[in-house]
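Step one of this worksheet: look at the structure below.
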Amino acid sequence: MKYRFFHLYQQQPIDPASYQFQIRKATPADLIDVAQIITESFHSHNGIWGWAFPLLRLGIYEDLRHRMASPVPRHVCLVAFEATTGDAHNLVGSVELGVRYSDSWGRVGAGFPYLSNLAVHPKYRRNGVASELLTSCEKVSKEWGFQDLYLHVLESNHQARQLYFKLGYRVHKVESNWNTFFLRRSSQMLLHKHLSAESIV
């Protein structure tokens, strides 16, 4: 199998009023672009670990491919694309939504919808893409019969926390482990939103 990854993004200023975005389910043809967007969002090209960027991207691609090929009934990867170009493959962001269980191995107990890997192309950040993706996940969660939605965010990620709080997410609990104390890494915050009828527009 050959992997075709594109070059690093060149950030250019854009006019927010000139762009419109739409959301759809991801297809296998989207995986390369989705993997690139996620890797750009969570890993840096710079520093001593810059050399590992291609390996991280490949690992993310393989994980995505495995999840999309699995028969899990309630899992979806949503992508946002720039509708003004008329090209539904011009991806600008992505997010995954699935159902987690208190016992992840046995899949027992009450399941709850969990959002992960929310990522936006650097060029299109702060233009409402993340909000559109989050709103779409809330709609899907309601369609699955759930009234709540959960996600994790790093306590140090103030920009993401601001977005989530603005959209109605609240802190469910703060999680710390040995990495937090010995490696001085940021704690994770588990956020929760109750999906009332009024919160889905």
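Name the shape class, rounded, prolate or oblate, that the alpha-carbon gyration tensor gives for segment 26-177, where a ≥ b ≥ c are the square roots of its eigenvalues, rounded holds for a/c under 1.5, and otherwise prolate holds if a/b is larger than b/c and oblate otherwise.
Here segment 26-177 falls in the rounded category.
Ignoring ligands, DNA and RNA, what percent of the accessible area of segment 22-176 is carbon or sulfur (1.4 Å)?
So the carbon and sulfur contribution to the accessible surface is 53 percent.
Calculate the FRET efficiency for L55 and S196 from the Cβ-Cβ distance with a Förster distance of 30 Å, rounded to the nearest 0.05.
After rounding, the FRET efficiency stands at 0.10.
Starting from the Cα-Cα distance between H152 and L167, subtract it from 0.36 nm times their residue separation and give me the gain in nm to one decimal.
Result: 3.9 nm gained on full extension.
The values are calculated or read from the model by the stated rules, or taken from the named source; none is laboratory data. The structure displayed is predicted, hence computed values, not measured ones. All Cβ positions, glycine included, derive from the backbone under ideal geometry; neighbour counts span all protein chains shown. What goes into the accessible areas is simple: the full protein's heavy atoms, side chains included, and nothing from ligands, DNA or RNA. Shrake-Rupley method; radii C 1.70, N 1.55, O 1.52, S 1.80 Å.
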